[in-house]
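Participant: First the structure, which I've put down as structure tokens, then a few questions once you've had a look.
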Amino acid sequence: MRRHMMAFKFKEETSEETLQAVQDGYRAMQEENAGLLHVSVDPNISASRFKRYNWILTMDFATVAAWRQYEESEAHDRMVADNLTGNLDGITSIDYDIGETPAE
């Protein structure tokens, strides 16, 4: 399984509507990609640590092909253009395999 994680630092002035669109948009991607097994996108609730990032996204993919489908999808491009660009003060991501991830 391939895990894709992103941490976002949304600007303080980012609207609740935009944040809801981020949640709804990432969750809807699961309906378009059969190999996308799990999506979680929510605010960072850590109270005891310095918050460099205020939102976290985790996605689990059954195959490398499913991960690539997400990375190259129109839905991904729309998410970046419509909701992320201009609303972030910071972003980081990491991808890693849990066990062996089949190509297809």
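Participant: I'd like the chymotrypsin sites (Phe, Trp or Tyr not before Pro) in segment 1-78 restricted to DSSP loop residues with at most 13 other Cβ atoms within 10 Å, sorted by number. Intermediate values should be presented prior to the final figure.
Facilitator: Values: sites: Phe8, Phe10, Tyr26, Phe50, Tyr53, Trp55, Phe61, Trp67, Tyr70; in loops: Phe50, Tyr53.
Answer in residue order: Phe50.
Participant: What is the extension gain from Asp24 to Ser93, computed as 0.36 nm multiplied by their sequence separation minus the C-alpha to C-alpha distance, in nm to one decimal?
Facilitator: Working: separation 69, 0.36 × 69 = 24.84 nm, distance 1.96 nm.
Separation in residues times 0.36 nm, less the Cα-Cα distance, equals 22.9 nm.
Participant: Where in segment 1-16 does the label zone of Val64 land, with the point 7 angstrom along Cα→C-beta and an amide N cut-off under 20 Å?
Facilitator: Taking a point 7 Å out along Cα→Cβ of Val64, the residues of segment 1-16 whose backbone N falls under 20 Å are 1-5.
Participant: Next question. Ignoring everything except DSSP H segments at least 4 long, calculate the 222 nm mean residue ellipticity for the chain; use -39,500 (n - 2.57) per segment, divide by total residues, nearest 500. Present the calculation step by step, with values, prior to reporting the outcome.
Facilitator: Working: 3 runs with 31 residues, N = 104.
Computed mean residue ellipticity for the chain: -9000 deg cm²/dmol.
Participant: What percent do you get for the relative contact order of segment 1-57 when only Cα pairs under 8 Å and 6+ apart count? Let's see the in-between values first.
Facilitator: Values: 50 pairs, mean separation 27.1, N = 57.
With pairs under 8 Å counted, the relative contact order is 48 percent.
Participant: Suppose every Lys and Arg Cβ carries +1 and every Asp and Glu Cβ carries -1, with no other charges. What dipole size does segment 2-96 come out with about its Cα centre, to the nearest 20 debye?
Facilitator: Its charge dipole is roughly 540 debye.
Participant: Counting only C-alpha contacts under 8 Å and six or more residues apart, can you give the relative contact order of the chain as a whole percent? List each step's numbers first, then the result.
Facilitator: On the way: 173 pairs, mean separation 49.0, N = 104.
Normalised by residue count, the contact order of the chain is 47 percent.
Participant: For a quick protection proxy, order the peptides 33-43, 93-103 by their average other-Cβ count within 10 Å, most packed first. Walk me through the numbers on the way to the answer.
Facilitator: Values: 33-43: 15.6, 93-103: 10.1.
Ranking, from highest mean packing down: 33-43, 93-103.
We did not get these values from a lab; they are worked out from the coordinates using the rules stated. Here the structure is a predicted model, which means the values were calculated and not measured. Counting neighbours? That spans all protein chains shown, and the Cβs are built from the backbone with ideal geometry, glycine included.
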